[in-house]
Amino acid sequence: MTIDHRLIAMLVCPLCKGPLEAGRDADNRLVELECVADKLAFPIHDGIPVMLESEARTIATPTNPVPQLAP
Ligand SMILES: [Zn+2]
């Protein structure tokens with residue numbers, strides 16, 4: 001069972017209650033849920049979103065641009 005977009009649409013950031021974006025890996029697998037406003041990415045463990053700030057990854061700000069996922 002995988003998470004689909006309907007579930008993502010139901011989830012909000014626990015901090016700002018804002019919408020979350022799906023974070024995917026190179027194989028297009030859903031690996032985290034990202035809050036753009038807080039620059040936090042919440043991990044998904046075994047298909048279960050972990051909506052804890054203490055577990056969230058800080059999304060790097062583009063102060064040090066690295067070539068990745070360029071179109
Ligand atoms: Zn947020």
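The values are calculated or read from the model by the stated rules, or taken from the named source; none is laboratory data. On a predicted model such as this, the values are computed, not experimentally measured, just so you know. Backbone-built Cβ (ideal geometry, glycine too); neighbour counts: all protein chains shown.
What the table shows:
Residue-by-condition table, conditions (1) touching a Ser or Thr at 6+ places or on another chain (Cβ under 8 Å); (2) surrounded by 15 or more Cβ atoms within 10 Å (Cβ to Cβ); (3) outside any loop (DSSP other than H, G, I, E, B):
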residue	(1), (2), (3)
ARG6	no, no, yes
ASP27	no, no, no
PHE42	no, yes, yes
MET51	no, yes, no
SER54	no, no, yes
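This table checks each residue for (1) of a type in the set (Val, Ile, Thr); (2) in contact with a His (Cβ under 9 Å, 6 or more places away or on another chain); (3) within 15 Å of the ligand (Cβ to nearest atom); (4) at pLDDT below 80.
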| site | (1), (2), (3), (4) |
| --- | --- |
| ILE3 | yes, no, no, yes |
| GLU34 | no, no, yes, no |
| PHE42 | no, no, yes, no |
| ILE48 | yes, no, no, no |
| THR58 | yes, no, yes, no |
| GLN68 | no, no, no, yes |
| PRO71 | no, no, no, yes |
